[in-house]
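Student: Please find one structure pasted underneath; my questions will follow.
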Amino acid sequence: MKIMDFLNRDAVTADLQAEDKEEAIKELVDLLAKAGALKDKDKLVKILLSREALGSTGIGQGVGIPHGKCDGVKELTAAFALSPKGVNFDSLDGEPVHIFFLLVAPQDSAGPHLKALARISRLLKDKPFRDSLRQCKDEKSILRLIEDEDTKRH
């Protein structure tokens, strides 16, 4: 499974404006909604915030992977955002998050959801890749970089 198999190309931004965790989640959900990938924004925001209450999806090293299952999506889908300022996301290492992947799966899809999380985590463990992502100034360069990385690491 490659990231480009589930990343919605129309739900990518290089300029997340959020100041805190809740704003970041709402902004990421907005990206998917504007791309036509989900029906009920408010419901998804509640699901994601409930998931965050169990433990932060800020996994450290400037990375956040908020995720959840929602019957408002037909297939596994993701949004991507870069936050130039960084967001306090209660990360495991206490660092602000600059790189966000929002992953949303239909209620009944445990397998693909877990594979996608593993794929994202594996790519983002690579410091040079994270550093390159953070240098991206627009959506095209983000997509190109993720596609290149996807191709290099099957």
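Student: Here are the criteria: (1) in a helix (DSSP H, G or I); (2) at pLDDT below 95. Tell me which single one LEU48 does not satisfy.
Tutor: Among (1) in a helix (DSSP H, G or I); (2) at pLDDT below 95, LEU48 violates only (2).
Student: Moving on to the next point. I'd like to know if the range 35-45 contains one or more residues that are within 21 Å of ARG144 (Cα to Cα), touching a Phe, Trp or Tyr at 6+ places or on another chain (Cβ under 9 Å) and either crowded, with 19+ Cβ neighbours inside 10 Å or not basic (Lys, Arg) (or both).
Tutor: No - not one qualifying residue is present in the range 35-45.
Student: Which members of the range 10-34 meet the condition of being surrounded by 14 or more Cβ atoms within 10 Å (Cβ to Cβ) and either of a type in the set (Phe, Trp, Tyr) or outside any helix (DSSP H, G or I) (or both)?
Tutor: ALA11, VAL12, THR13, ALA14, LEU16, ALA18
Student: With respect to the numbered conditions (1) part of a helix (DSSP H, G or I); (2) surrounded by 15 or more Cβ atoms within 10 Å (Cβ to Cβ), which one is the sole condition not fulfilled by THR151?
Tutor: That leaves (2) as the condition not met.
Student: Determine which member of the set LEU114, LEU133, LEU92 is over 23 Å from ALA33 (Cβ atoms) and part of a loop (DSSP other than H, G, I, E, B).
Tutor: LEU92
Student: Got a number for residues in the range 69-89 being modelled with pLDDT under 95 and assigned to a strand (DSSP E or B)?
Tutor: 1
The values are calculated or read from the model by the stated rules, or taken from the named source; none is laboratory data. Nothing here was measured: the structure is a model prediction, and the numbers come from that model. Backbone-built Cβ (ideal geometry, glycine too); neighbour counts: all protein chains shown.
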